[in-house]
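Just below is one structure, and these are the notes that go with it.
Derivation of every value follows stated rules applied to the coordinates shown; laboratory data play no part. Just so it is clear, the structure is predicted and the values come from calculations on it, not from any experiment. Positions of Cβ are generated from backbone atoms using ideal geometry, with glycine treated the same way; all protein chains shown enter the neighbour counts.
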Amino acid sequence: MPEINGYLAGLRRSREFVATNREYFDRARDAVMAKITENAAAAEALKVTKSTMLAASSSNVPDFDKRRD
């Protein structure tokens, strides 16, 4: 029914906007992650709170356990 009633049109426009403007969302994510990683307390908290259910999901979070060379 949502398709027939036109309720999905807004969702489709929103999805198209995000897909078309992905670089802005990626830059925003990178800026947030940069601020988190430069703050030791925030970086430690992120280790505990990272989740696939959050915007800062494990796929976006740097691996703090990995040694830098």
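For the stretch 34-46, 3J(HN,Hα) computed residue by residue from phi via the Karplus equation (6.51, -1.76, 1.60; θ = phi - 60°) reads 5, 5, 5, 6, 7, 10, 4, 5, 5, 5, 5, 5, 5 Hz, glycine and proline entered as x.
Please give me the summed charge of the neighbours of Phe25: other residues whose Cβ is under 15 Å from its Cβ, Lys and Arg +1, Asp and Glu -1.
0
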